[in-house]
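Asker: A single structure is presented below for examination.
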Amino acid sequence: MVELELQRKRWQRIAADAVVLFAREEELPELRERLQREIPAAVAALDSGDFTGAAKKVVLAYTNGAIAAPRVLLVGVGSGEKLELETLRRAAAVAAKRAGGMKLSHLLIPVTTSPVLQSEEWLTAVLEGAVLSQYRFDKYITQPPENNGLVRRITVAVESAEQQRRWQPVVDFVRTLCEGVFLTRDLANAPPNEIYPETLAERARAAGKEAGFRVRVLSKAQIERLGMGGLLGVNRGSARPPVFIIMEYWGTERSVAPIVLVGKGITFDTGGISLKPAAGMSEMKSDMHGAASVIGTLYVAARLRLPINLVGLVPATENMPSGSAMVPGDILRFLNGKTAEIDNTDAEGRLILADALAYAERYSPQAVIDLATLTGACVVALGNVASGLFGNHRELLERIKRAAERTHEYVWELPLYEEYAELIKSDVADVKNSGGRNAGAITAALFLKHFIGDYPWAHLDIAGTAIAPKETDYMPKGGTGVGVRLLVELLRNWEPLPPQDAAKS
Ligand code: BES
Ligand code: MN
Ligand code: ZN
């Protein structure tokens, strides 16, 4: 990852490849004055009319020896009363990419001289955008170009000890957060012959060791003894055994009930006997993005020493067709004793989540949040912009929505009206695993609702937001890392939830 550092030194003396100055349209006169004083050669960038301050406008100018850095990148962040955090992320991302493209590997961001970077959350957004844009999954490319067009180092410059006390925590936070997002992206992008249940568990173990959380991995025999019929049913067609990964971070007294995160860990989804079409099937290597987001979030929460107790549960298996695979018509029995008729073996995510949601009850959790690339129907409804949000606890859902607005990891709530339950009624079991095409994201969530315990619950269908069809400002094509920033934002400010009769919502 980009090396992110803070230096207490006059920014004019730091010999980076370019100094990056952010400005709004209204601030051009002020910027001109400042440049006139400190980097006179760069004034031409304004007087020529090239730099307007419009959002994502980036103009390169030379400093002609006025400061140690030979170049300055002027970056526009638009106009208007309220400066949106997302505008800053995107502008910083565009600037960092432009710099990378010009093989500028060291960028300098002077904080205290910028009229824009005046609050912790603004600098957070700028650094997030810059760092997150500098991601590439290229470990399998045998001869990556010498300088791969990535920025290697970003230096935030401050000038006093007092300023350092204020801005150092911001730099440290963003570094840890982005490492978590990169970990999640790497796991999601890794090919299915690298990441399968056992290796996913190894990665969780390594993350736990580095960040400081406990990891236990239940073997197939243990999963059998527990009676996780959903996880075992989906696993039946696979040559690789399933795992159930349990991650525990105890950041406060043990008596405080934990928040439990559950992540769908289908390391490859062929659809099983209800086989998917060949076109685009390789995307289904990322069908464990929910699991990856949970691992990434645990990693960040533990590294930040958040004062909460947090548990991550990941049921993991491939979904394969074979002579031993589960078939339509099978009836599975889950950890909580309920049964489901298999209508479509491609609706496998809900089957493994069912066991994990039932298992979560053992923790008497404050709240349970699951993340899953669950339905194509959610992609049809919300595209690649917002995740589907469902749940049974008003305050929990509202908190997630607020965190989503702030992080721009958008969510949109969909209803769990009982009328939809009709679609997944079975004649022969407690519930059916597919309700057909209509309201597919909702029926999937209603299926999950059968298996939750007596706890506040939220479900995020990230099928559309986890896998980006093309690169955008700070999102690479492929695994996006969605969920990590959202959950960290939620958990960072966590307060006990007010009671709510779960039945009411
Ligand atoms: N993993 C898929 C959902 C998915 C689709 C994720 C596209 C990301 C992008 C899931 O297991 C699935 O196959 N769902 C089926 C359910 C149906 C059979 C009821 C679907 O959405 O088609
Ligand atoms: Mn499927
Ligand atoms: Zn799936």
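Asker: Got a number for the accessible area of K276? Probe 1.4 Å, square angstrom, nearest 10.
Answerer: Spelled out: K276, probe radius 1.4 Å, area about 50 Å².
Asker: Which one of I245, V385, H408 is farthest out on the positive end of the charge dipole of the range 181-492, using unit charges on Cβ (Lys, Arg +1; Asp, Glu -1) and the Cα centre as origin?
Answerer: Value: I245.
Asker: Now for a separate question. Could you give the length gained on full extension between Q143 and S364, defined as 0.36 nm per residue of separation minus the Cα-Cα distance, in nm?
Answerer: Residue separation times 0.36 nm, minus the Cα-Cα distance, leaves 74.5 nm.
Asker: Do you know the relative contact order of the chain, to the nearest whole percent, from alpha carbon pairs under 8 angstrom that are 6+ apart?
Answerer: Relative contact order here is 14 percent.
Asker: A further question follows. What is the distance, in nm, between label points placed 7 Å from the Cα along the Cα-to-Cβ direction at N438 and at R394?
Answerer: The answer from the label model is 3.0 nm.
Asker: Tilt of helix 349-360 relative to the longest C-alpha principal axis of the chain, in degrees (0 to 90, nearest 10)?
Answerer: Helix 349-360 and the main axis of the chain meet at about 90 degrees.
Asker: Also, quick follow-up: Which length gain, in nm to one decimal place, applies between L226 and K470 when the Cα-Cα distance is subtracted from 0.36 nm times their residue separation?
Answerer: Additional length available on full extension: 83.7 nm.
Asker: Could I ask something else about it? Once every DSSP H run of n ≥ 4 in the chain is given -39500 (n - 2.57) and the sum is divided by its residues, what mean residue ellipticity at 222 nm do you get, rounded to the nearest 500 deg cm²/dmol?
Answerer: Helices in the chain give a 222 nm mean residue ellipticity of -10500 deg cm²/dmol.
Asker: Sticking with this one: Starting from the amide H of V151, placed 1.01 Å from N in the peptide plane, find each other amide H under 5 Å away whose residue is 5 or more places distant or on another chain.
Answerer: Excluding prolines and chain starts, which carry no amide H, the hits are G100.
Asker: Test of the criteria: in the range 68-105, which GluC sites (Glu not before Pro) are in a DSSP loop and have at most 15 other Cβ atoms within 10 angstrom of their Cβ?
Answerer: Passing sites in the range 68-105 are E81, E84.
Asker: Can you give me the solvent accessible area of K97 with a 1.4 Å probe, rounded to the nearest 10 Å²?
Answerer: Roll a 1.4 Å probe over it and K97 shows about 60 Å².
Asker: At a Förster radius of 30 Å, what calculated FRET efficiency corresponds to the Cβ-Cβ distance of E5 and N336, to the nearest 0.05?
Answerer: Approximately 0.05, to the nearest 0.05.
Asker: Measure nothing but the geometry: give the 0 to 90° angle between the long axis through the Cα atoms of 85-101 and the longest principal axis through the Cα atoms of the chain, rounded to 10°.
Answerer: 70
Asker: Hey, got the dipole for the chain? About the Cα centre, +1 on K and R Cβ, -1 on D and E Cβ, debye to the nearest 20?
Answerer: That gives a dipole near 1240 debye.
Asker: Specify whether the C-alpha gyration tensor of the range 419-465 places it in the rounded, prolate or oblate class, a ≥ b ≥ c being the square roots of the eigenvalues: rounded for a/c under 1.5, otherwise prolate if a/b is larger than b/c and oblate if not.
Answerer: The shape class here is oblate.
Asker: Under the rule of at least 5 residues apart or a separate chain, name every residue whose amide H is placed under 5 Å from the amide H of V262.
Answerer: Result for V262 returns L313, I369, D370, L371.
Asker: Could you tell me which of rounded, prolate or oblate describes the range 181-492, using a ≥ b ≥ c as the square roots of the eigenvalues of the alpha-carbon gyration tensor, with rounded for a/c under 1.5 and, failing that, prolate when a/b is larger than b/c and oblate otherwise?
Answerer: Judged from the Cα gyration tensor, the range 181-492 comes out rounded (a/c under 1.5).
Asker: Which part of the range 93-132 falls in the paramagnetic zone of R152, meaning amide N under 19 Å from the point 7 Å along Cα-to-beta-carbon?
Answerer: 96-109, 131-132
Asker: Going down the list K103/K285; K56/K470; K264/K470; K276/K401; K220/K264, which pairs span over 21 Å between their C-alpha atoms?
Answerer: Going by Cα-Cα distance, K103/K285; K264/K470; K276/K401 fall outside the 21 Å limit.
Asker: Which value in nm describes the separation of the simple spin-label points at Q118 and E159, placed 7 Å from the Cα toward the beta carbon?
Answerer: In this crude spin-label approximation the distance works out to 1.7 nm.
Asker: Sticking with the crude label model, points 7 Å out along Cα→Cβ, report the distance from S282 to V428 in nm, one decimal please.
Answerer: Computed distance between label sites S282 and V428 equals 3.9 nm.
Asker: Okay, next question. Taking 0.36 nm per intervening residue step and subtracting the Cα-Cα distance, what contour gain separates A54 from D172 on full extension?
Answerer: 39.5 nm
Asker: While we're here: Just the projected area, averaged over all directions, of the convex hull on the alpha carbon atoms of the range 1-111: how many nm²?
Answerer: Mean projected area for the range 1-111: 6.9 nm², to one decimal.
Asker: Still on this structure: For the range 315-396, which chymotrypsin sites (Phe, Trp or Tyr not before Pro) pass both filters: DSSP loop (anything but H, G, I, E, B) and at most 14 other C-beta atoms within 10 Å?
Answerer: none
Asker: Could you give each residue of the range 57-74 its phi-based ³J(HN,Hα) in whole Hz, using Karplus coefficients 6.51, -1.76, 1.60 with θ = phi - 60°, and x for Gly or Pro?
Answerer: 6, 10, 10, 9, 9, 9, 9, 6, x, 5, 9, 5, 6, x, 9, 10, 10, 8
Asker: A further question on this structure: Lys/Arg Cβ at +1, Asp/Glu Cβ at -1, dipole of the chain taken about the Cα centre: which of V488, L107, T339 is farthest positive-ward?
Answerer: L107
Asker: About its Cα centre, what dipole magnitude does the range 264-387 give when the only charges are +1 on Lys and Arg Cβ and -1 on Asp and Glu Cβ, stated in debye to the nearest 20?
Answerer: 500
Asker: Net charge near V488, counting Lys/Arg +1 and Asp/Glu -1 over other residues with Cβ under 14 Å of its Cβ? List each step's numbers first, then the result.
Answerer: On the way: positive: R175, R303, R305, R399, R402, R406, R485, R492; negative: E121, E128, D172, E179, E409, E489.
The answer is +2.
Asker: Give the accessible area for M102 in Å² (nearest 10); use a 1.4 Å probe, count only protein heavy atoms, and leave out ligands, DNA and RNA.
Answerer: 70
Asker: What trypsin sites (Lys or Arg not before Pro) in the range 397-445 are in a loop by DSSP, with at most 15 other Cβ atoms within 10 Å of the Cβ?
Answerer: Qualifying residues, ordered by number: K425, R437.
Asker: Quick check: the angle from helix 289-303's long axis to the longest principal axis of the chain, C-alpha only, nearest 10 degrees?
Answerer: Helix 289-303 and the main axis of the chain meet at about 60 degrees.
Asker: Taking a 1.4 Å probe, which of W250, W494, W167 shows the most accessible area, and what order do the others take after it? Working shown, then result.
Answerer: Values: W250 70, W494 35, W167 5 Å².
Largest accessible area first, the list is W250, W494, W167.
The values are calculated or read from the model by the stated rules, or taken from the named source; none is laboratory data. Bear in mind that the values here come from a model prediction, so they are computed numbers and not experimental data. As a convention, Cβ positions derive from the backbone with ideal geometry for all residues, glycine included, and neighbour counts pool all protein chains shown. What goes into the accessible areas is simple: the full protein's heavy atoms, side chains included, and nothing from ligands, DNA or RNA. Shrake-Rupley method; radii C 1.70, N 1.55, O 1.52, S 1.80 Å.
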